[in-house]
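No lab work stands behind these numbers, since they all come straight from the coordinates. Because the structure is a prediction, the values reported are computed rather than measured. FYI the Cβ positions are ideal-geometry reconstructions off the backbone, even for glycines, and counts take in every protein chain you see.
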Amino acid sequence: MKKIQSIRGMNDLLPDQSPVWQFLEDKVRSLFERYGLAEIRFPLLESTDLFKRSIGEVTDIVEKEMYTFLDRNGDSVTLRPEGTAGCVRACEQAGLFNQTPRLWYKGPMFRYERPQKGRLRQFHQIGAEVFGLDGPDVDAELLILTQRLWRELGIDDHVRLEINSLGSSDDRARYRGDLVAWLEARRDRLDEDSQRRLGGNPLRILDSKNPDTQALLADAPKLGDYLGADAAGHFAELRQLLDAAGVAYSVNERLVRGLDYYGKTVFEWVTGSLGAQGTVCAGGRYDGLVEQLGGKPTPAVGFAMGVERLVLLLDAAGVVPDSIARPVDVYFVGVGDVKPRQLAVAEQLRSQCPGLRLLTHSGGGNFKNQFKKADRSGARLALIMGEDEAAAGTLTVKDLRQDLPQQTLPLAEIPALIKSVVIPPAGTNSNDPDQE
């Protein structure tokens with residue numbers, strides 16, 4: 001019988017990989033809470049119209065990449081390809097826009113693309129959205145937040161920020177007309193994909209990866225020349241705020257993002273450490289989306305970061321702490337008729353040492369075999385309880401990673417030893433310069 005395999009582009013996250021994901025997610029959750037963001041969770045499956053109306057029917061995502069099907073009622077439904085539209089739908093449905101919500105979310109998204117490293121068909125995003133605020137100060141704060149995240153993760157030297165302004169819808173309409181006319185006169189010099197976009201979403205041509213098209217665009221009209229006073233002032237103040245906060249950036253006039261709902265501020269955090277998949281976090285302002293989906297006019301700004309790419313970047317930068325890669329801190333060996341006492345002591349240590357990852361040996365075996373399993377577990381310490389230790393109220397401790405003599409200690413002294421060796425003090429973060 002043929003073995004059933006995972007669907008192409010939808011990968012398993014195995015036990016040796018999940019600790020790095022948990023490390024990243026814990027850092028993000030802690031940081032978001034410090035900036036006043038609350039978590040929201042919304043369904044993986046939404047009405048297809050939600051994404052057609054928000055992302056845009058002539059985008060690559062809607063035209064070619066969405067997982068869309070009819071349910072048993074004949075309704076068209078889609079696995080979410082991104083998080084912002086679902087977040088807006090959830091807030092409107094629950095009446096949250098009256099509260100100026102600041103929200104964050106995480107979870108899988110789905111796009112039918114050619115799978116490659118850091119770009120899968122089921123991929124994971126962490127996003128943040130802020131509603132009800134139209135000034136550039138909140139745009140700046142989100143960029144300051146992301147810069148702090150890179151610093152706390154230890155990858156700030158591996159990413160750089162690009163920003164741009166798409167102006168208002170009227171600004172883009174004026175620019176689009178002139179850009180299309182300019183490109184139509186040079187249609188035969190455009191690549192096939194750009195020729196297709198010319199009739200539907202011409203601004204996406206600015207983001208073409210074709211080098212010949214990029215060379216041609218050097219002389220094209222510039223969107224920045226079409227910004228009205230409001231958008232230009234917003235962008236100028238954003239740059240002033242970033243300068244004052246010490247956030248380095250470059251203005252990329254061809255940065256347009258791939259979703260129709262963006263306007264004014266757009267940005268990308270990019271890296272040169274992951275090959276072609278260089279964008280690790282991107283977003284911008286989408287002041288018209290709530291109204292576009294049936295709500296009242298509500299300014300909004302947000303971003304999403306790709307978890308797979310950030311995990312790859314953490315690995316490339318070599319900043320994942322050794323303790324994170326170690327799934328077990330302490331391996332508890334029992335020799336002789338000590339199992340009831342061993343289990344009781346294990347529970348006692350878990351209570352006395354919050355955060356301790358302690359694995360009690362199960363399945364029998366002599367001392368030599370148990371010790372081999374202790375070593376293979378990756379644990380830092382082995383605790384040994386024989387019948388003599390059980391009777392005396394002691395444990396023998398062996399450091400499995402350093403060539404140190406083992407020692408036998410009273411049970412009352414074991415928690416302090418464990419805390420000093422394998423459990424860092426609460427709140428310690430060696431990558432956060434504010435705690436140095």
Distance in nm between Asp225 and Asp137 label points, each 7 Å along Cα→Cβ, equals 3.5
Take the Cα of Asp178, step 7 Å along the line toward its Cβ, and report every residue of the range 221-246 whose backbone nitrogen sits under 18 Å from that point. 221-233
Cα pair distances of the range 62-173 binned at 5 Å [whole percent]: 2, 8, 13, 15, 19, 19, 14, 6, 2, 1, 0
Would you give the gap between the C-alpha center of the range 340-403 and the C-alpha center of the range 182-259, rounded to a whole Å? 61
If you average 1/r across every pair of different Cα atoms in the range 1-74 and take the reciprocal, what Kirkwood value do you get, in Å? 16.7
Taking 60 Å as R0, compute the FRET efficiency from the Cβ-Cβ separation of Arg401 and Glu63 and round it to 0.05. 0.65
Loop-resident trypsin sites (Lys or Arg not before Pro) in the range 116-218 with no more than 14 other Cβ atoms inside 10 Å, DSSP not H/G/I/E/B, are Lys117, Arg186, Lys209
Highest GNM mean-square fluctuation among Ser168, Ser362, Ser194, for the chain with Cα springs under 10 Å, belongs to Ser362
Would you kindly state how much longer the chain becomes between Gln240 and Arg187 on full extension, computed as 0.36 nm times their sequence separation minus their alpha carbon distance, in nm to one decimal? 15.2 nm
Rounded to the nearest 5, what % of the DSSP beta bridges within the range 327-421 are antiparallel ones? 50
Given N residues in the chain, what is its alpha carbon radius of gyration divided by 2.2 N^0.38 Å? 1.22
By how many degrees, between 0 and 90 and to the nearest 10, does the Cα long axis of helix 136-153 differ from the longest principal axis of the chain? 30
Scan the range 31-111 for trypsin sites (Lys or Arg not before Pro) in coil per DSSP, keeping those whose Cβ has at most 15 other Cβ atoms within 10 Å, and list them by number. Arg41, Arg72
How much length is gained on full extension from Thr408 to Glu33, taking 0.36 nm per residue of separation minus their Cα-Cα distance? 130.7 nm
Treating only the Cβ atoms of Lys and Arg (+1) and Asp and Glu (-1) as charged, compute the dipole magnitude of the chain about its Cα centre; round to the nearest 20 debye. 1380
Compute the acute angle (0 to 90°) between the alpha-carbon long axis of helix 169-184 and the principal axis of greatest extent of the alpha-carbon atoms of the chain; round to the nearest 10°. 70
Assigned charges on the beta-carbon of Lys, Arg, Asp, Glu; the range 235-355 dipole about Cα centre (debye): 160
Which percent, nearest 5, of DSSP beta bridges in the chain are antiparallel? 80
Could you give the radius of gyration (one decimal) and Dmax (whole number) of the Cα atoms in the range 327-421, in Å? 11.9, 31
Using a Förster radius of 56 Å, what is the FRET efficiency between Asn369 and Asn73 based on their Cβ-Cβ separation? Nearest 0.05, please. 0.45
Run the Debye formula on the Cα coordinates of the range 288-351, all scatterers equal and no solvent, and tell me log10 I(q)/I(0) at q = 0.15, 0.26 1/Å. -0.75, -1.11
Given the options Gly272, Gly336, Gly295, state which has the largest fluctuation in a GNM of the chain using a 10 Å cut-off (strictly under) for Cα springs. Gly336
Additional length obtainable on full extension of the chain from Asp157 to Gln116, 0.36 nm per residue less Cα span: 12.3 nm
What translational D, rounded to a whole number of µm²/s, comes out for the range 1-41 from Stokes-Einstein when the hydrodynamic radius is the Kirkwood one over Cα pairs, at 20 °C and 1.002 mPa s? 163
